[in-house]
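A.B. asks: Below you'll find the structure I mean.
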């Protein structure tokens with residue numbers, strides 16, 4: 001059983017490595033980015049099965065998509081209260097007794113603290129926060145190469161600025177609690193995955 005958070009800027013490989021780890025450990029993959037994108041489109045069918053299981057009612061998710069859309073389109077962070085409620089719903093609905101992986105949350109130190117409070121109430125504890133460290137230029141290049149509608153140059157740049165502004169305090173939060181694993185994400189996918197698994201096996 002393992003409970004993980006995967007952190008990194010846009011284009012750092014969080015989704016790729018998160019899904020690989022979920023397949024390896026056979027645990028649910030909870031991607032807030034995927035959930036919000038599908039909520040905005042009103043379509044849950046293309047979500048990974050593990051994520052779709054925990055979406056909850058159509059109305060609540062579609063409402064979330066409606067309120068979150070203006071923030072996402074500008075490359076801004078969705079407000080803490082919306083994200084905290086989304087994660088609370090996910091962790092209460094999924095069969096999480098065998099573990100899980102969160103990707104895209106927490107995005108602020110406040111969210112990280114709230115996650116710990118939520119897990120305490122559920123009788124659980126986060127095992128590790130995995131940080132994929134990737135140079136800014138590489139993150140920009142990867143994002144622009146994906147050609148997603150919400151990844152225009154100015155939006156990508158704003159997301160990366162927010163990452164450095166808001167996420168670095170999260171790294172300090174988990175480092176103080178000795179739950180941070182830092183990985184060089186600027187390598188082949190297979191190498192990054194193996195490095196993560198090696199570190200997890202040593203802890």
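A.B. asks: Any chance the range 189-196 includes a residue that's under 17 Å from the mean Cα position of the chain (by Cα), surrounded by 12 or more Cβ atoms within 10 Å (Cβ to Cβ) and more than 18 Å from residue 18 (Cα to Cα)?
C.D. replies: No: zero hits.
A.B. asks: Another one. Between 131, 105, which is within 18 Å of residue 21 (Cβ to Cβ), in a loop (DSSP other than H, G, I, E, B) and at pLDDT 85 or above?
C.D. replies: From the options 131, 105, the qualifying one is 105.
A.B. asks: Which residues, taken from the range 1-39, are outside any loop (DSSP other than H, G, I, E, B), at pLDDT 90 or above and surrounded by fewer than 22 Cβ atoms within 10 Å (Cβ to Cβ)?
C.D. replies: 2, 3, 15, 16, 19, 20, 21, 23, 24, 25 - these are the residues of the range 1-39 that are outside any loop (DSSP other than H, G, I, E, B), at pLDDT 90 or above and surrounded by fewer than 22 Cβ atoms within 10 Å (Cβ to Cβ).
Matching residues to (1) assigned to a loop (DSSP other than H, G, I, E, B); (2) surrounded by 15 or more Cβ atoms within 10 Å (Cβ to Cβ):
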residue: 110; (1), (2): no, yes
residue: 114; (1), (2): no, yes
residue: 123; (1), (2): yes, no
residue: 138; (1), (2): no, yes
residue: 154; (1), (2): no, no
residue: 158; (1), (2): no, yes
residue: 165; (1), (2): no, no
residue: 183; (1), (2): no, yes
residue: 198; (1), (2): no, no
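A.B. asks: Please specify each residue of the range 170-181 satisfying the condition of being more than 16 Å from the chain's Cα centre (by Cα) and assigned to a helix (DSSP H, G or I).
C.D. replies: Result: 172, 173, 175, 176.
The values are calculated or read from the model by the stated rules, or taken from the named source; none is laboratory data. From a predicted model like this one, the values you see are computed outputs, not experimental measurements. Cβ atoms come from the backbone with ideal geometry, glycine included; neighbour counts cover every protein chain shown.
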